[in-house]
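One structure is given here, and the rest of the page talks about it.
The values are calculated or read from the model by the stated rules, or taken from the named source; none is laboratory data. These numbers were taken from a predicted model, which means no experiment stands behind them. Glycine also receives a Cβ, built like all others from the backbone with ideal geometry; neighbour counts cover every protein chain displayed.
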Amino acid sequence: MIGLVNGFVRGVFVCLVCVVALFGEVCGGRVFTLSSKPNLNARMLLEEIAFECALTLSYEYRAQEALDTTKVIFNFRDKKISDILSIIAKSSDTHYEIENELIRFSHLQTKTFHINYISTARVGSSNTDVVYGQESQSQYLNPYQNQIINQNYQSPYDDAQAKALHQGTQNPMFGKSGTKIYSIDELNFWGELENELIPIIYQEEDSYNPKHPRIIINKGAGLITISATNAQLKRAEEYIDMLKERLSKQVQIDVQIFTIDHSDINTTGINWGKLYELGINTQSTNPPLLSAQTGGLNYGVYLFGQNLSIGQIIQFLGEYGNIKSISNPKIITLNNQPAIISVGNVLRYSQSLIYQTSTNSSTIQNTGYQYPSVFSGVLLDVTPSIKGNEVILKINPSITATKDSFIENQSSALSAPPNLSTNQLSSIVRIQDKQKVVLGGLISENSTITRKKIPILGSIPVLKYLFSYKKTIKQKREMVIVITPTIITDFTEAEMPALEEFAEDFSQEQSQEKVQEKPQNKSQKNKT
């Protein structure tokens, strides 16, 4: 045992025991057993080790101050010098490096992190703006829009909000009336990241708390460079690792959109409670998360288990009338990213504009035309949030349809804005992976006029009323939306969709076509 007593250390006895020498260097392969009395600061112990091992110590930027203020009692047994230095650095919140025979201690460390994420701010917005100006005899109709905006501005929310206000105030009209609905989902990841990191890294009780945080973000390369102490960098690393894990999660959203033409004109909608009574294993006995009676119609958001197939839902809906599949989109989106699905038609109509130019001698009048548009169809906005095996879905469906179905298929622009009917529903639900969310109760009532006549006789004036007739048929149509989220963990070959899954989807489509053909076959038998 070699006893080392430093005259500068008051009443402190440090015992160094060299147990084994593994390498030819002075302390490179040695292990130490050390013990110290109280009130020994870390710098004194470092100087004893440096003297024993013939090493040079270097202190950089407040490292000596941090070591002096760290009062500890060291007790090491059979520890290498690298282990001892690591413990001293951790206890004093410093960083060390060994280069040849030099030990360099520094108070700050610079570290670069990488996040693989797009460099643009992403904004998803959907809006309906229908405004009619009465006193000015002019009409302004903004189409039902859905879009994803990728921009590089610092605050996309403020920009989008200003855009919404601008759209609502431009083209002022006296006595205007109508409706305006504007919703926005925005994510400015890189713009908000620095504001999130500053309070996490630099806290009031830290020894290093600069006025101007030393954080450099290169969003083009996905790099974040931070200069801070070890403890501060550790907090930053934990947050960035958690952030990357959350960002990398993905959800596949499978949407089935059906319409049911009810055979009963007095129906109040589909009774989804009967689906539980049929004995189908839905793995869920929960009541609807949202169910309300509005004007005699059933509006509800219902949850069903993983074992309930689309084929079983189609078979159940077939009891209420004719079923038609509107769309079956599948989309993959990242965690907390909006997925917007739009299915429908864009209808254009003509609008005349009159310009007058007055001079001292004459007035010139010019007429021009513009062709605004209006959206008719289904707009579905879904935003998933993943936590473990659960998915929280923010669902905003909106169904807009024309009062007259004949104008849907016109190839030319309409002469006037079409009359529209709108059904909207908004809900936030929490479900398990691969559970099904059913949105029902979106009912609209349509009236169709059919005219029939006997050839020739039905076209003769006066007599045509005896040989022709017209009939008004009222029909209730309900839209059902089935949403199935599936959490995607890794892009491995084992988790890629197998051929059997595509075959199952195809068989479900075939069963759906058979259900649609049954009412037609019945009508043909009645005619015969």
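What the table below lists for this structure:
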read-out	value
Every residue from region 406-427 that is surrounded by 12 or more Cβ atoms within 10 Å (Cβ to Cβ), under 21 Å from Thr472 (Cβ atoms), over 33 Å from the mean Cα position of the chain (by Cα) and not β-branched (Val, Ile, Thr)	Pro418
Single residue of region 356-374 satisfying the filter (over 30 Å from Val343 (Cα atoms) and hydroxyl-bearing (Ser, Thr, Tyr)) that is surrounded by the fewest Cβ atoms within 10 Å (Cβ to Cβ)	Ser361
Matching residues, region 431-482, being in a strand (DSSP E or B) and more than 30 Å from Ile270 (Cα to Cα)	Arg451, Lys452, Lys453, Ser468, Tyr469, Lys470
Residue check for Thr400: surrounded by fewer than 17 Cβ atoms within 10 Å (Cβ to Cβ) and either in the same structural domain as Ile386 (by TED's automatic domain parsing) or under 28 Å from Pro338 (Cβ atoms) (or both)	no
Tyr349 vs. criteria at pLDDT 85 or above and in contact with a Phe, Trp or Tyr (Cβ under 9 Å, 6 or more places away or on another chain)	yes
Close pairs from region 65-76: first over 11 Å from Asp93 (Cα atoms) and touching a residue at least 12 places away in the same chain (Cβ under 8 Å), partner surrounded by fewer than 15 Cβ atoms within 10 Å (Cβ to Cβ) and among the acidic types (Asp, Glu), Cβ under 9 Å, at least 6 apart	Phe76/Asp83
Candidates Pro461, Pro485 - the one that is of a type outside the set (Val, Ile, Thr), modelled with pLDDT of 80 or more and surrounded by fewer than 17 Cβ atoms within 10 Å (Cβ to Cβ)	Pro461
Matching entry among Ile240, Ile313, Ile224 (being at pLDDT 90 or above, assigned to a helix (DSSP H, G or I) and either in contact with a strand residue (DSSP E or B) (Cβ under 7 Å, 6 or more places away or on another chain) or within 17 Å of Val438 (Cα to Cα) (or both))	Ile240
Exclusive hit being in a loop (DSSP other than H, G, I, E, B), without any contact (Cβ under 8 Å) to a residue 60 or more places away in the chain and of a type in the set (Ser, Thr, Tyr), set Ser385, Ser352, Ser412	Ser412
Filter result (of a type outside the set (A, V, I, L, M, F, W, C) and under 17 Å from His95 (Cα atoms)) within region 44-60	Glu47, Thr56, Ser58, Tyr59, Glu60
Some residue of region 324-333 being part of a strand (DSSP E or B) and over 15 Å from Val255 (Cα atoms)	no
Residues (under 25 Å from Glu60 (Cα atoms) and touching a strand residue (DSSP E or B) at 6+ places or on another chain (Cβ under 7 Å)) located in region 203-221	Tyr208, Arg214, Ile215, Ile216
Selection count where residues are of a type in the set (Ser, Thr, Tyr) and on the phi > 0 side of the Ramachandran plot, scope region 328-349	0
Segments classed as helices (runs of 4 or more DSSP H), wholly inside region 29-130, with at least 2 members that are modelled with pLDDT of 80 or more, surrounded by 14 or more Cβ atoms within 10 Å (Cβ to Cβ) and on the phi > 0 side of the Ramachandran plot	none
Condition met for Ala21 (at pLDDT below 50 and surrounded by fewer than 14 Cβ atoms within 10 Å (Cβ to Cβ))	yes
The one condition in (1) surrounded by fewer than 17 Cβ atoms within 10 Å (Cβ to Cβ); (2) modelled with pLDDT under 90; (3) part of a strand (DSSP E or B) that Ile260 fails to fulfil	(1)
Hey, Pro455 touching an Asp or Glu at 6+ places or on another chain (Cβ under 9 Å) and at pLDDT 80 or above or not	no
Per-region count, region 198-256, residues surrounded by 17 or more Cβ atoms within 10 Å (Cβ to Cβ), among the small types (Gly, Ala, Ser) and in contact with an Asp or Glu (Cβ under 6 Å, 6 or more places away or on another chain)	0
Filter pass, Asn423 being assigned to a strand (DSSP E or B), more than 18 Å from Thr484 (Cα to Cα) and at pLDDT below 85	yes
Test: residue in region 282-304 that is at pLDDT 70 or above, in the same structural domain as Ala339 (by TED's automatic domain parsing) and in contact with a strand residue (DSSP E or B) (Cβ under 7 Å, 6 or more places away or on another chain)	yes
